[in-house]
1. When a footprinting reagent is the concern and you count Cβ atoms within 10 Å, what order do HIS199, HIS87 take, fewest first?
2. Roughly what % antiparallel, to the nearest 5, for the DSSP beta bridges in the chain?
3. For LYS189, list the lysines whose Cα falls under 27 Å from its own Cα; do not include residues on the same chain fewer than 8 positions away.
4. Within a 10 angstrom radius of the beta carbon, how do ARG102, ARG4 rank from fewest other beta carbons to most?
5. Run the quick spin-label model on ARG54 and ALA81: label points 7 Å from Cα toward the beta carbon, then report their separation in nm to one decimal.
6. Round to a whole angstrom and tell me the spacing of the C-alpha centers of segment 167-186 and segment 61-116.
7. Between helix 241-251 and the chain, what is the angle of the helix's C-alpha long axis to the longest principal axis, kept within 0 to 90° and rounded to the nearest 10?
8. What FRET efficiency would be calculated for the residue pair THR16, GLU158, taking the C-beta separation as r and a Förster radius of 45 Å, to the nearest 0.05?
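What follows draws every value from the coordinates through simple rules; no lab data is involved. These numbers come from a predicted model, not from an experiment. Counting neighbours? That spans all protein chains shown, and the Cβs are built from the backbone with ideal geometry, glycine included.
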Amino acid sequence: MTARLIQPGDLAARLTSDEVVIFDCRFQLSDPEAGERAYREGHIPGAYYLHLERDLSSPRAQHGGRHPLPDWNRFAARLSACGVRPHATVVVYDAGEGMAARAWWLMRHIGLEDVRMLDGGWKRWTREGRPVTSEVPAPRPGAVEIRLREGEIADMREVRQGAQEGRLVLVDARSPERYRGDVEPIDPKAGHIPGAINHPWEQGLGEDGTWRSPEEQRARFGELAACGKPIVVYCGSGVTACSTLFAMELAGISAKLYPGSWSDWVSYPDNPVATGDEPGDFAP
């Protein structure tokens, strides 16, 4: 998997290309319909909307976390109805909430080759005075073939056993406060998976909302690049962890996603919970 960015000027020059498909992924956990309302008020011309809970996730169950991975056939059909073909360039963006990276990871996982994140997202696009429309594009014929990539997902049992035996490195992409267990605004238990280190996903971005350079990302992750162990990334529900995976890809570091993440972990009463900071060689 390769992390790719596209700059606003480059996208603006390709808005009329049949080979480019754009997706608006804005979403707020506190107001699940706010992103689509914002999309209908204004979006990049030609962009389709992907809703985190309807398009980028499956319904919640007892286990699997708050945002389980989508049904792959339904997801592929949704992309196909928007004109996505195997060799299309797909561009995803949000307004800084970390949702576009979820779409990037899912699309790459099912086998799409050219999926790009709009650098700086919606905020940079509008800040630079790029074109905006409220017109919702009509469906376009497409064809997405599902070719799931192996070795990109770790389930709860792999995480639990690997962490207990020290065979993998766990990265928690949530805020330091949630990682330490100081606060927990969403899930029933506070803290982190024992042994996990904290690399908040927002730190992959600069103050202007653009992605930090590969060199800055490598410096940020430090010893992780040469740890010699499989790396698994999680967050609250497997969404913003994808932003950390994108940053790691920029840095040239391979890692897996624990899709259920913390919300899945705490759904098993016997799973241990740690609080505070973790000592060790990989402390952030």
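1. On the way: HIS199 24, HIS87 9.
With the fewest neighbours first, HIS199, HIS87 line up as HIS87, HIS199.
2. Roughly 15 percent of the beta bridges in the chain run antiparallel, per DSSP.
3. LYS256
4. Working: ARG102 31, ARG4 18.
Taking fewest neighbouring Cβ atoms as first place, the list is ARG4, ARG102.
5. Each label point lies 7 Å from its Cα, and together they span 0.9 nm.
6. When both Cα centres are located, 25 Å separates them.
7. Compared with the principal axis, the helix lies near 80 degrees.
8. Numbers: r = 45 Å, r/R0 = 1.01.
So, using R0 = 45 Å, E works out to roughly 0.50.
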